[in-house]
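Take a look at the structure below.
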Amino acid sequence: MAEHPAYPVGLRLSGRRVVVVGGGTVAQRRLPALIAAGADVLLVSPEATPSVEAMADAGEIAWQRRPYADGDLADAWYALIASSDPAANAAASAEAERGRVWCVRADDADQATAWTPATGHSEGVTVAVLTTEARGRDPRHTAAIRDAVVEGLRDGTLVAPHHRTRTPGVALVGGGPGDPDLITVRGRRLLAEADVVIADRLGPRDLLAELPPHVEVIDAAKIPYGRFMAQEAINNALIEHAKQGKSVVRLKGGDPYVFGRGMEELQALAEAGIACTVVPGISSSISVPGAACIPVTHRGVAHEFTVVSGHVAPDDERSLVDWPALARLTGTLVVLMGVDKIGRIAETLVAHGKSPDTPVALVQEGTTAAQRRVDATLATVAETVRAEDVKPPAVIVIGEVVTVGPAPAP
């Protein structure tokens, strides 16, 4: 049989008996996929790893705690032979051959009637990579091929266009804090499939250069506003392109719902009867401090962190932030969009009880090649911002966690 390549096929095991002999690490790796396939799994093994035992305790598999015995494969459609007893493996394999049960042998591929491919999944597609010969098989090579294909499908670098009619609509995609590698794999895939991308200034701009030539890229900051407010004009652009039957991605910095007006856009699309998918993004409120070696929480230092918008000053009547309450908190305060207001924010916090010596860090252009960190205190931060010429976008972290990590490079 080794002279001929294996014939690849997908097994539909839902509701069908599968017998697994051996409860070790091989079974631990293979059982989740069998359970996900809906198989009626019987494990035959005197013992099992804690993870396999947990599957049995949860009722996901049936477990007979004993060695293999002839007849265990009766009524089985598929068998996985993976015990530590070579004699039991050989006997079970022989029973599978007699009963015409497709059988995988973990210890001896030459004696198996089936081989398990290296598999991965991406948006409803299963990728299975199988070595064509039993002898000289290299599982690490097949796994590497599998990983490369799946990663390419997920991140959009391996483009496989849908040839059936696509349903037009809009995806609100959180692009993350700036580094193009920090967008989610789903967000990157949707970008690769888009007809139109309407991008924010703070979105990961490097991703736009990777788009195919036919994709129309629109800078949201340059949409003509006319008699409309900026956000209304963006909403109208999303609706207009979607109604033309196009797949539209609204690429936003960070997460669409963290000071990103994502809900306003979703509501406008819903009122226009346009389908919308929301893809969360990594928020700069936690990722940018992390990239600068600042944990927003740390054991024994901070048990909570609060994220606030600093786009209006504390004394502005439009402010919805309870600054006196924030001054009383002992945890971490993360301020977004607050570079030009940080002086008044610091004064307000100190006026309501925060120590002037409270550490402050400003992380500019976080996660990008231009990232820099500037440290200060509430008493000195206003002057430091002026002296160091700190510019937006910058994330401001206030609290003792600023001093936890390694000292910032000069």
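The values are calculated or read from the model by the stated rules, or taken from the named source; none is laboratory data. Owing to the predicted nature of the structure, the values given are computational and were not obtained by experimental measurement. Methodologically, a virtual Cβ is constructed for each residue, glycine included, from the backbone with ideal geometry; neighbour enumeration extends over all protein chains shown.
Name the residue, out of Ala6, Ala39, Ala27, that is over 21 Å from Gln111 (Cα atoms) and hydrophobic (A, V, I, L, M, F, W, C). Lay out the reasoning, then the answer.
Values: Ala6 fails: over 21 Å from Gln111 (Cα atoms); Ala27 fails: over 21 Å from Gln111 (Cα atoms).
Exactly one residue qualifies, and that residue is Ala39.
Report whether or not Pro50 is on the phi < 0 side of the Ramachandran plot, of a type outside the set (Lys, Arg) and free of Cβ contacts under 8 Å to residues at least 12 places away in the same chain.
On the way: on the phi < 0 side of the Ramachandran plot: yes; of a type outside the set (Lys, Arg): yes; free of Cβ contacts under 8 Å to residues at least 12 places away in the same chain: yes.
Taking the combined requirement at face value, the residue satisfies it.
Do the conditions hold for Gly136, that is, is it modelled with pLDDT of 95 or more, farther than 30 Å from Ile198 by Cβ and not in a helix (DSSP H, G or I)?
Numbers: modelled with pLDDT of 95 or more: no; farther than 30 Å from Ile198 by Cβ: yes; not in a helix (DSSP H, G or I): yes.
Considered against the rule, which asks whether it is modelled with pLDDT of 95 or more, farther than 30 Å from Ile198 by Cβ and not in a helix (DSSP H, G or I), Gly136 comes out as no.
When you scan segment 232-278, how many residues do you find that are among the acidic types (Asp, Glu) and touching a residue at least 60 places away in the same chain (Cβ under 8 Å)?
To start, the set of residues in segment 232-278 that are among the acidic types (Asp, Glu) comprises 232, 240, 255, 264-265, 271.
Okay, now just the ones that are also touching a residue at least 60 places away in the same chain (Cβ under 8 Å), so 255, 265.
Matching residues across segment 232-278 total 2.
Restricted to segment 90-103, and to residues that are in contact with a Phe, Trp or Tyr (Cβ under 8 Å, 6 or more places away or on another chain) and surrounded by 19 or more Cβ atoms within 10 Å (Cβ to Cβ), which residue is farthest from Arg17 (Cα to Cα)? It would help to see each step written out before you state the result.
Restricting attention to segment 90-103, the residues satisfying the condition of being in contact with a Phe, Trp or Tyr (Cβ under 8 Å, 6 or more places away or on another chain) are 91-92, 96, 101-103.
Narrowing the set further to residues that are surrounded by 19 or more Cβ atoms within 10 Å (Cβ to Cβ) leaves 92, 96, 101, 103.
Numbers: Ala92: 15, Ala96: 13, Val101: 11, Cys103: 13 Å.
Going through the qualifying residues, I end up with Ala92.
Residues that are at pLDDT 80 or above and either in contact with a Lys or Arg (Cβ under 8 Å, 6 or more places away or on another chain) or outside any loop (DSSP other than H, G, I, E, B) (or both): does segment 151-166 have at least one?
no
From the residues in segment 182-206 that are among the aliphatic types (A, V, I, L, M) and part of a loop (DSSP other than H, G, I, E, B), which one is surrounded by the fewest Cβ atoms within 10 Å (Cβ to Cβ)? Outline the logic, then answer.
As a first pass, look at segment 182-206 and keep what is among the aliphatic types (A, V, I, L, M): 182-183, 185, 190-192, 194, 196-199, 202.
From what's left, part of a loop (DSSP other than H, G, I, E, B): 183, 194, 202.
Numbers: Ile183: 27, Ala194: 24, Leu202: 18.
Restricting to residues being among the aliphatic types (A, V, I, L, M) and part of a loop (DSSP other than H, G, I, E, B), the top hit is Leu202.
I want to confirm something. Restricting to segment 44-77 and keeping residues that are of a type in the set (S, T, N, Q) and not in a helix (DSSP H, G or I), which single residue is farthest from Thr25 (Cα to Cα)?
Pass one, segment 44-77, residues of a type in the set (S, T, N, Q): 45, 49, 51, 64.
Filter once more, so that each one left must be not in a helix (DSSP H, G or I): 45, 49, 64.
Working: Ser45: 12, Thr49: 7, Gln64: 17 Å.
That would be Gln64.
Assess whether Arg299 counts as being surrounded by fewer than 22 Cβ atoms within 10 Å (Cβ to Cβ), free of Cβ contacts under 8 Å to residues at least 24 places away in the same chain and basic (Lys, Arg).
On the way: surrounded by fewer than 22 Cβ atoms within 10 Å (Cβ to Cβ): yes; free of Cβ contacts under 8 Å to residues at least 24 places away in the same chain: yes; basic (Lys, Arg): yes.
Yes.
Please go through segment 320-349 and give me each residue that is among the polar types (S, T, N, Q) and within 22 Å of Ser283 (Cα to Cα), ordered by number.
So in segment 320-349, the residues among the polar types (S, T, N, Q) come out as 330, 332, 348.
Matches in segment 320-349: Thr332 only.
Looking for something surrounded by fewer than 17 Cβ atoms within 10 Å (Cβ to Cβ), assigned to a loop (DSSP other than H, G, I, E, B) and in contact with a helix residue (DSSP H, G or I) (Cβ under 9 Å, 6 or more places away or on another chain) - is there at least one such residue anywhere in segment 10-33?
There is at least one residue in segment 10-33 that is surrounded by fewer than 17 Cβ atoms within 10 Å (Cβ to Cβ), assigned to a loop (DSSP other than H, G, I, E, B) and in contact with a helix residue (DSSP H, G or I) (Cβ under 9 Å, 6 or more places away or on another chain).
Can you name the residue in segment 87-126 that is part of a loop (DSSP other than H, G, I, E, B), within 21 Å of Asp72 (Cα to Cα) and charged (D, E, K, R) and, of all such residues, is modelled with the lowest pLDDT?
Asp108
If you check Val26 against the conditions, is it within 25 Å of Arg98 (Cα to Cα), free of Cβ contacts under 8 Å to residues at least 40 places away in the same chain and within 31 Å of the chain's Cα centre (by Cα)? Step through it out loud before you land on a result.
Details: within 25 Å of Arg98 (Cα to Cα): yes; free of Cβ contacts under 8 Å to residues at least 40 places away in the same chain: no; within 31 Å of the chain's Cα centre (by Cα): yes.
So Val26 does not fit the description; no.
How many residues, within segment 341-395, are of a type in the set (S, T, N, Q) and more than 37 Å from the chain's Cα centre (by Cα)?
If we filter segment 341-395 for residues that are of a type in the set (S, T, N, Q), which is where we start, we get 348, 355, 358, 364, 367-368, 371, 377, 380, 384.
Imposing the further condition that a residue be more than 37 Å from the chain's Cα centre (by Cα) reduces the set to 348, 355, 380.
Within segment 341-395, residues that are of a type in the set (S, T, N, Q) and more than 37 Å from the chain's Cα centre (by Cα) number 3.
Which of the following residues is aliphatic (A, V, I, L, M) and farther than 30 Å from Gly175 by Cβ: Val321, Val312, Val350?
Exactly one residue qualifies, and that residue is Val350.
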